[in-house]
Amino acid sequence: MDSTTFVKPTLDYVHLWPILVVLGVAALGVVVEAFVPRARRFVTQTVLALAGLAAALVGTVLVGLDLTEVGDGAARGLLTAGGTLVIDGPAVFLWGLVLIFAVGGVLLFAERRLEGGVSAFAGQAAALPGTEAERQAQGLDHTEVYPLMMFAVAGMMIFPTAGDLLTMFVALEVLSLPLYLLCGLARRRRLLSQEAAMKYFLLGAFSSGFFLYGVALVYGFAGSMDLAAIDQAVRADTGNHTLLAIGMGLLAVGLLFKVGAVPFQSWTPDVYQGAPTAVTAFMAAGTKIAAFGAILRLFYVGFGSDRWTWQPMLWVVAILTMVVGAVLAISQSDVKRMLAYSSIAHTGFLLTGVLGVQTSAELADGQVTSLQAILFYLTTYGFSMVAAFAIVTLVRDSGGEATAFDRWAGLGRRSPWVAGAFAFLLLSMAGIPLTGGFVGKWAVFTVAFSAGAWPVVLVAIFSSVVAIYFYVRHIRLMFFTAPTADSAAVVAPSLLTSATIAVGVLATVLLGIVPGPVLDLAGHAGEFIR
């Protein structure tokens, strides 16, 4: 066949159904904003988003059950859209996680009781802070956040499913652009929120530029942007290896920025603090899940044959990320910033898992693969982070959310259930036994140690010990420090936020006591197909 002949790509609509549902709901949400009266938009958008996510989640389960085995049976899946989308077990598992935490995000977005009958989002984003236009918009609901969120969810689902670098870049922008907007829409502390959005946008644009330049260099090496073709070119080693190494590094910059790895973490504490807390909760879980899915697919599928080139880089990045995240968290005096640096440290732990052995064929029976360990860790991390930020929204004073440490003094005496739940989530993040965080850390440390990355594991253990200090310090503040006149109170939320917190805490408990089912499900997801 002539190389210039165009072959029409075929779309497997049955297996792409979850993504198409989310995109359809996002587009329909835009139509709702145009034609539905303002008084009815909140309920319409909330119900539409929840229904779309529920339908997509059901579709994800059906797609996962319908995947067929490929090759020797170690992987299950199919290629569609001309090979630009790869629907396999790990991708479907990541879809499920993104959709579950997106449901939690919608519930937090829809919370209105905490702000006196309105949402936490600005009534009119275009109004300048402190102006008469902003005061007139105080009672309005900014319901555009729901279609924005759905577009971000669609990008998060496509990102780890991308079979070529161009599709991966498009998915990166689809998930990022709505988040840039959402971060600047806080009803209170508008200037801080807008500053966070601007920082996130500018730094995100630079990282996207690095990623795109990396795409061009890798294309120059392999003559293709398809990950399977890149893998074949790497195996053949017929191109300029320097070009490959530079391109690989630039691609890593774009992806490591999204997960907040050092030295690309500077945006994380500012954005986590300034963004509406509901957005922070959704972004902390969903973005990391999608970005780590893309990292795994890129390095395991596209560059898996050249591990000796990229593994030393990840060794250094993982060590720096764990140390910086744990050490800088000690000096924080704001709860959201502390959780942000905690998130950075968790990124380092996850990168430790990436250094493990990918395929079960290289391991003894019963051992966990790196992919299985990371999928489990992302599950535990997502539940604990969403629930923790949901609790942050409850601790308030006359100025809104009270995130300064001194405002949390004595919280355990005034609201023992809320403080107890937050303390348990912090212990899970610290990796204390009988919590999901302990099993997650055990899994990623084990796979890295089995692959010979014991120096990274030693640093990870040291960082975990350091992290225990600032987690326990905050627990001591809540339960063993007397409240002051400036201490904040816990506001009773609606059923929406209460359900999000309850599910997150319960899942963290179950993942710590009976992790087997989720570990088995992650193992059943198999491996990436090429």
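By the helix-only formula, in which each DSSP H run with n ≥ 4 contributes -39500 (n - 2.57) and the sum is divided by residues, the chain has a 222 nm mean residue ellipticity of -23000 deg cm²/dmol. Over all orientations, segment 13-524 has a Cα convex hull whose mean projected area works out to 22.3 square nanometres. The charge dipole of segment 13-524, taken about its Cα centre with unit charges on the Cβ of Lys, Arg, Asp and Glu (plus for the first two, minus for the last two), comes to roughly 1400 debye.
Ordering 266-276, 45-55 by mean Cβ neighbour count within 10 Å, with the highest value first, yields 266-276, 45-55. Were the residues from His524 through Arg40 laid out at 0.36 nm apart, the gain over their Cα-Cα distance would be 169.9 nm. Each of Leu28, Leu371, Ser342 was scored by the projection of its Cα onto the charge dipole of segment 13-524, and the greatest displacement toward the positive side belongs to Ser342; charges sit on the C-beta of Lys, Arg, Asp and Glu. Approximating the spin labels as points 7 Å out from Cα along Cα→Cβ, the Asp237-to-Ala27 distance works out to 4.8 nm. Between Leu20 and Ala502, the FRET efficiency from the beta-carbon distance, with R0 = 45 Å, is close to 0.90.
Among beta bridges from DSSP that stay inside the chain, the antiparallel ones total about 95%. For segment 214-224, 3J(HN,Hα) computed residue by residue from phi via the Karplus equation (6.51, -1.76, 1.60; θ = phi - 60°) reads x, 4, 5, 5, 5, 4, x, 6, 9, x, 7 Hz, glycine and proline entered as x.
Rounded to the nearest 10 degrees, the angle from helix 241-259 to the longest Cα principal axis of the chain is 20 degrees. Couplings 3J(HN,Hα) for segment 405-422, derived from phi with the Karplus relation 6.51 cos²θ - 1.76 cosθ + 1.60 (θ = phi - 60°), are 4, 5, 6, 8, 4, x, 4, x, 7, 8, 9, x, 5, 5, 5, x, 5, 5 Hz, where x marks Gly and Pro.
Helix 277-297 and the longest principal axis of the C-alpha atoms of the chain enclose an angle of approximately 10°. Counted residue by residue at 0.36 nm each, then reduced by the alpha carbon distance between them, the extension gain from Val472 to Val514 reaches 12.6 nm. FRET efficiency for the pair Ala482 and Ile330, taken as 1/(1 + (r/R0)^6) with r the Cβ-Cβ distance and R0 = 22 Å, rounds to 0.45.
In the chain, the longest principal axis of the Cα atoms and the axis of helix 370-392 are about 20 degrees apart. Relative contact order (percent) for the chain, with alpha-carbon contacts under 8 angstrom and 6 or more residues of separation? Relative contact order, the chain: 16 percent. Farthest toward the positive end of the dipole of the chain, out of Trp315, Ala275, Met157, is the Cα of Ala275, where the dipole comes from beta carbon charges about the Cα centre.
Read-outs: derived from the displayed coordinates by stated rules, not from any lab. Keep in mind the model is a prediction, meaning the values are calculated, not measured. When we count neighbours, we look across all protein chains shown, and the Cβ atoms used for this are built from the backbone with ideal geometry, even at glycine.
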